[in-house]
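> Dropping a structure here in structure tokens format, bear with me for questions.
Nothing in this text is a laboratory measurement; each read-out follows from the coordinates by a stated rule. This structure is a prediction, so every number in the text was calculated from the model and none was measured. So basically every Cβ, Gly included, is an ideal-geometry build from the backbone, and we count neighbours across all protein chains shown.
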Protein chains: 2
Amino acid sequence: MDTQADILKRNGMSITESRKKILELFLESDGALAHADIERNTHTAFDRVTVYRTLQTFVEKGIIHQIPTTDNSILYALCRQSCAQGHHHDNHVHFICTQCDRTICLDDVTVPGVKLPGGFKPSQSAMVVTGVCKDCQ
Amino acid sequence: MDTQADILKRNGMSITESRKKILELFLESDGALAHADIERNTHTAFDRVTVYRTLQTFVEKGIIHQIPTTDNSILYALCRQSCAQGHHHDNHVHFICTQCDRTICLDDVTVPGVKLPGGFKPSQSAMVVTGVCKDCQ
DNA sequence: AAGTTTTTGCAACATTATTGCAAAAAACTT
DNA sequence: AAGTTTTTTGCAATAATGTTGCAAAAACTT
């Protein structure tokens, strides 16, 4: 089993309080987190800038990935299964629950292929599905 | 054929300079536009607030729709074919070209269904495909 | 053309994000 | 374990982005 420190070390990052804490938040949460969520959950124990930089580093190292939103914010999610193996995150399906408002990363669902008009060469596709999640039925 | 004024009037909006001009930008552009693009293209002839409010009104009236992005911005796009008839915009496929960096709204492509884990009830789905567009091959 | 309604622009403010730099912490070396 | 190097943090300053109230201006109505 992996401690936060293990994950950080394995990905070539120095082990610091802020990184351990923020990683812990992701591991505890079952949904995606926005910058604001992290600020709230750490009670601003860390500087705003540190949070920005930590998130950026995590994305660069491939520990978390960004989820596109339509409300001028970025959601970040950690993928337990697949991302742990260090693969690409680009073909995930994300599910936004209209009931509990969580965004869930459906790791094991594959994005279906789509037929594009002539001339368009796709390389990656992302999908955002809205609806009611399994806990809110 | 439709002038900008016609479109505005048909959708129950007063006809003003800013609205005509911003609508013109969308009609001329073949990609999606961000708030910043509009500011740039109008050489800030209109107040920042007016642009925000105009975009908001256009979204409410269904003339344009928002495209989720991963970079803390919102892209707005006008859908020529389908949106003109006033239908829902939620199942569009959007294509981001890595070459010319444009975001194109593929009006006539239907988002394919996706098989979700048990308990998840989908209501809408959006898809963002990255790749090379037909003009950049 | 006068009255009514809607829209605009300004000002002020709030939120969110970025950069440089010195101090602090972590990692590394011996 | 102490000293050196490297990385990270936090502060300050700044920039960019978004929102609200309100009076003036413009657009609509008759």
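> Bin width 10 Å, alpha-carbon pairs only: give the P(r) of segment A:4-131 as whole percents, running from 0 to the bin holding the largest distance.
11, 42, 32, 12, 3, 0
> Quick one: putting +1 on the C-beta of Lys and Arg, -1 on the C-beta of Asp and Glu, what dipole do you get for chain B around its Cα centre, in Debye to the nearest 20? All intermediate terms of the calculation are to be shown ahead of the outcome.
On the way: 14 positive and 16 negative charges, 71 e Å.
Roughly 340 debye for chain B.
> Moving on to the next point. Write down the percent of antiparallel bridges among all DSSP beta bridges whose residues are both part of chain A, to the nearest 5. Numbers along the way, then the final one.
Working: 10 of 15 bridges.
DSSP beta bridges in chain A are roughly 65 percent antiparallel.
> Angle, helix A:48-61 long axis vs. longest principal axis of chain A, Cα atoms, 0 to 90°, nearest 10?
Tilt of helix A:48-61: around 60 degrees.
> What share of the DSSP beta bridges in the protein assembly as shown is antiparallel, in percent to the nearest 5?
Details: 32 of 42 bridges.
Counting DSSP beta bridges with both partners in the protein assembly as shown, the antiparallel share is about 75 percent.
> Pick out, from A:THR130, A:ASN11, A:VAL93, the residue whose Cα sits farthest towards the positive end of the charge dipole of segment A:4-131, with +1 on the Cβ of Lys and Arg and -1 on the Cβ of Asp and Glu.
Going by the Cα projections, it comes out as A:ASN11.
> Still on this structure, please answer the following. Going by the alpha-carbon gyration tensor, a ≥ b ≥ c the square roots of its eigenvalues, is segment A:1-57 rounded (a/c under 1.5) or, if a/c is not under 1.5, prolate (a/b greater than b/c) versus oblate? Let's see the in-between values first.
Working: a/c = 1.93, a/b = 1.34, b/c = 1.44.
Cα axes put segment A:1-57 in the oblate bin.
> Here's another thing I want to ask about it. How far is B:PRO122 from itself in the other copies, in nm, if each label sits 7 Å out from Cα along the Cα-Cβ line, shortest first?
For B:PRO122, the inter-copy label distances come out at 1.2 nm.
> Using 20 Å as the cut-off for backbone N distance, which residues of segment B:41-77 belong to the label zone defined by a point 7 Å from the Cα of B:LYS21 along Cα→Cβ?
B:41-59, B:64, B:76-77
> How large is the convex hull of the Cα atoms of the protein assembly as shown per residue, expressed in Å³ as a whole number? Can you show the working numbers first?
Working: hull volume 43.8 nm³, N = 274.
Normalising the Cα hull of the protein assembly as shown by residue number yields 160 Å³.
> Counting helices only, and only those DSSP H runs with n ≥ 4, report the 222 nm mean residue ellipticity of chain B as the sum of -39,500 (n - 2.57) divided by its residues, in deg cm²/dmol to the nearest 500. Let's see the in-between values first.
Details: 5 runs with 44 residues, N = 137.
So the calculated ellipticity at 222 nm is -9000 deg cm²/dmol.
> Take B:THR44 and A:THR98, extend 7 Å from each Cα along the Cα→Cβ direction, and tell me the distance between the two endpoints in nm.
Using points 7 Å along Cα→Cβ, the separation is 4.1 nm.
> How much length is gained on full extension from A:GLN4 to A:ASP108, taking 0.36 nm per residue of separation minus their Cα-Cα distance?
Details: separation 104, 0.36 × 104 = 37.44 nm, distance 2.31 nm.
Working it through step by step, the gained length comes to 35.1 nm.
> Just to confirm the number: angle between the C-alpha axis of helix A:17-28 and the first principal axis of chain A, 0 to 90 degrees, nearest 10?
Compared with the principal axis, the helix lies near 40 degrees.
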